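The values are calculated or read from the model by the stated rules, or taken from the named source; none is laboratory data. Everything numeric here is computed off the predicted structure, so don't read it as measured data. Using ideal geometry, Cβ is built from the backbone for each residue, glycine included, and neighbour counts are taken over all protein chains shown.
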Amino acid sequence: MHFRPDLLAGKTAFVTGGGSGICKGIAHALLAHGATVAIAGRKADRLEVAARELEAGSGQRCLATPCDVREPDTVEAALDRTLTELGRLDIVVNGAAGNFLAPASQLSSNGFRTVLAIDALGTFNVCRAAFDRWLRDHGGAILNVSATLHYGATPLQIHASAAKAAVDAITRSLALEWGRLGIRVNGLAPGPIADTEGMARLAPGDVAEKLAARIPLGRCGRIDEVATLALFLVSDASSLVHGTTVVADGGAWLAGTSLDL
Ligand code: HXC
Ligand code: NAP
């Protein structure tokens, strides 16, 4: 543990995508540092199992609040339930995302739209609803989970690259508009992270190993390493950090390690 265990005592977080992968790891870290947490995703059953597991591992309250981030009504209901049951909303983590490998020449309009809608519109929907319900009057911290796909260009990822570029723009725009209200807004861009759905989809088989060999630190990241950075960015430890997206990728994108192997 890198931070005091009471780093987030008394705070409440809403984490989309918190039922699996990287954002489940972020939820775990928030709980382990004293926060209560609501996790959101579409699959209610998986979310409930994850919430019970996270709760048992931390002794902190974890609430499953199913929603589809593309649908503002369901997002609003999930946030209302979070506020009713947990009483406050200090931290919002936007981690819900969709992705798959597809050449632009074969990607349908709906395929492109779907990923944009989950990543970018979903992030906006959650920020907007959280602003109305709590953040405008109380301040807080927003963390948008991005990627480095669009820093150069990544083959077979036109949809996700456009979506994460939009997420980064949302981070900057909200930082500009909401900073004076005491709302800090930042992003976190992981590189390839082992044992995740993202890597299973984008780097199947031995691609992950080949990719790791080209990363300057010589390996893919771990979920707990991303979660530690998330803790820093949503806590007062980063009180002057605002409107930026911090990369945690072992130097991968600098070395041009696209998934084109
Ligand atoms: C081409 C595809 C496709 C594929 C779906 N589509 N999968 N096109 N190749 N593999 C198209 C469909 O044909 C359809 O278009 C449109 O996308 C919508 O598909 P649905 O299945 O109806 O969408 P939905 O049920 O809403 O599911 C969304 C999803 C799905 C994104 C398609 O994969 C999902 O639920 N993913 C969530 C989990 C996930 O992706 N995790 C990984 C995140 S990793 P048509 O035209 O046929 O109607 C990540 C990493 C970033 O983000 C960076 C890593 C380095
Ligand atoms: P993951 O486990 O598949 O996480 C994605 C989550 O988003 C799932 O829990 C999923 O839950 C949720 N979700 C998807 N569509 C949703 C919707 N419409 N409404 C609500 N929730 C939705 O994948 P991961 O690899 O851990 O990725 C997590 C985050 O890190 C994503 O933002 C991803 O882009 C980013 N990232 C990952 C990597 C990597 O190496 N894995 C690299 C860079 C960036 P449901 O299916 O239940 O809805």
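Tabulated data for the structure shown
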| read-out | value |
| --- | --- |
| Helices (runs of 4 or more DSSP H) lying entirely in the range 72-165 (those with 2 or more residues that are more than 13 Å from ligand 2 (Cβ to nearest atom) and without any contact (Cβ under 8 Å) to a residue 12 or more places away in the chain) | 109-116 |
| Qualifying residue in the range 137-150 (condition: of a type in the set (S, T, N, Q), buried (at least 17 other Cβ atoms within 10 Å of the Cβ) and within 11 Å of ligand 1 (Cβ to nearest atom)) | yes |
| Which numbered condition residue 259 misses (of (1) closer than 22 Å to residue 150 by Cβ; (2) modelled with pLDDT under 95; (3) more than 12 Å from ligand 1 (Cβ to nearest atom)) | (3) |
| Unmet requirement for residue 202, which otherwise passes all of (1) over 16 Å from the mean Cα position of the chain (by Cα); (2) surrounded by fewer than 19 Cβ atoms within 10 Å (Cβ to Cβ); (3) within 22 Å of residue 70 (Cβ to Cβ); (4) within 9 Å of ligand 2 (Cβ to nearest atom) | (2) |
| Pick from the range 50-105, criterion basic (Lys, Arg) and out of contact with any helix residue (DSSP H, G or I) (no Cβ under 6 Å at 6 or more places or on another chain), ranking: surrounded by the fewest Cβ atoms within 10 Å (Cβ to Cβ) | 52 |
| Matching residues in the range 18-46 - criterion: being away from ligand 2 (no atom under 15 Å from the Cβ) and at positive phi | 34 |
| Candidate set: the range 1-36, residues that are of a type in the set (A, V, I, L, M, F, W, C) and over 14 Å from the mean Cα position of the chain (by Cα); chosen: the one nearest to residue 221 (Cα to Cα) | 1 |
| Sole exception among (1) in contact with a Lys or Arg (Cβ under 7 Å, 6 or more places away or on another chain); (2) more than 14 Å from ligand 2 (Cβ to nearest atom); (3) free of Cβ contacts under 8 Å to residues at least 24 places away in the same chain for residue 180, by number | (1) |
| The one condition in (1) touching a Gly at 6+ places or on another chain (Cβ under 6 Å); (2) more than 13 Å from ligand 2 (Cβ to nearest atom); (3) hydrophobic (A, V, I, L, M, F, W, C); (4) in contact (Cβ under 8 Å) with a residue 60 or more places away in the chain that residue 9 fails to fulfil | (4) |
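Each row is one residue, and each column tells you yes or no for (1) touching a strand residue (DSSP E or B) at 6+ places or on another chain (Cβ under 9 Å); (2) at positive phi; (3) β-branched (Val, Ile, Thr).
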residue	(1), (2), (3)
48	yes, no, no
51	yes, no, no
73	no, no, no
98	no, no, no
108	no, no, no
129	no, no, no
140	yes, yes, no
